[in-house]
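Report on the structure given below.
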């Protein structure tokens, strides 16, 4: 049953994680007196008016791709709802750990500079948004499981 509402929630969770490739985590932070932007792909600095890729986050980029593909895989496990729920919870734990890793990577680049609220980018909100979508998907899967059990009781 791919056309269920939880499939939409899982797709939106994957989309939120994929959006990390587009939106910055931290922007307009002055490191070494140069405006710096931190994304999951690496650190970008403004050098002579051009955004230059200073540092690459290869492992963080790879884990972002894996974390974004997991909700898409969960969609196609619709025949085994218990497995879907278990993998959703595992994906939530992965995203929580991934968010901690993002925070530590950003802190390592910024150093002792205190971040203001205007320095945080949209990327910082996307991981919690993905977790909310995963929770909504779990609720939808549980409702389907309850409906199937009640239909089996009637037989």
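The values are calculated or read from the model by the stated rules, or taken from the named source; none is laboratory data. Note that the structure is a prediction, hence the values are computed from the model and not measured. Virtual Cβ from ideal backbone geometry, glycine too; neighbours counted across all protein chains shown.
Among the residues of the stretch 57-71, at least one is in a helix (DSSP H, G or I), without any contact (Cβ under 8 Å) to a residue 40 or more places away in the chain, over 16 Å from the mean Cα position of the chain (by Cα) and more than 11 Å from residue 109 (Cα to Cα).
Evaluating residue 35 against the criteria (1) over 15 Å from residue 124 (Cα atoms); (2) at pLDDT below 95; (3) crowded, with 19+ Cβ neighbours inside 10 Å leaves one unmet condition, (3). Consider residue 77 carefully, then state whether it is assigned to a loop (DSSP other than H, G, I, E, B), without any contact (Cβ under 8 Å) to a residue 24 or more places away in the chain and either more than 18 Å from the chain's Cα centre (by Cα) or closer than 18 Å to residue 9 by Cβ (or both). Taking the combined requirement at face value, the residue satisfies it. In the stretch 1-32, the qualifying residues are those that are part of a loop (DSSP other than H, G, I, E, B) and touching a strand residue (DSSP E or B) at 6+ places or on another chain (Cβ under 9 Å), and the one that is surrounded by the fewest Cβ atoms within 10 Å (Cβ to Cβ) is 32. What are the residues in the stretch 102-119 that are closer than 18 Å to residue 19 by Cβ and surrounded by 15 or more Cβ atoms within 10 Å (Cβ to Cβ), if any? Scanning the stretch 102-119 gives 102, 105, 106.
The set of residues from the stretch 82-106 being over 14 Å from residue 135 (Cα atoms), touching a helix residue (DSSP H, G or I) at 6+ places or on another chain (Cβ under 8 Å) and in contact (Cβ under 8 Å) with a residue 60 or more places away in the chain comprises 82, 102, 105.
For the stretch 120-139, the criterion of a residue being more than 18 Å from residue 23 (Cα to Cα), in contact (Cβ under 8 Å) with a residue 40 or more places away in the chain and either in contact with a strand residue (DSSP E or B) (Cβ under 6 Å, 6 or more places away or on another chain) or not in a helix (DSSP H, G or I) (or both) is satisfied by no position.
So which residues in the stretch 44-60 are under 23 Å from residue 94 (Cα atoms) and crowded, with 16+ Cβ neighbours inside 10 Å?
Of everything in the stretch 44-60, those that are under 23 Å from residue 94 (Cα atoms) and crowded, with 16+ Cβ neighbours inside 10 Å turn out to be 57, 60.
Would you pick out the residues in the stretch 33-55 that are outside any strand (DSSP E or B) and without any contact (Cβ under 8 Å) to a residue 24 or more places away in the chain? Those that are outside any strand (DSSP E or B) and without any contact (Cβ under 8 Å) to a residue 24 or more places away in the chain: 33, 41, 48, 49.
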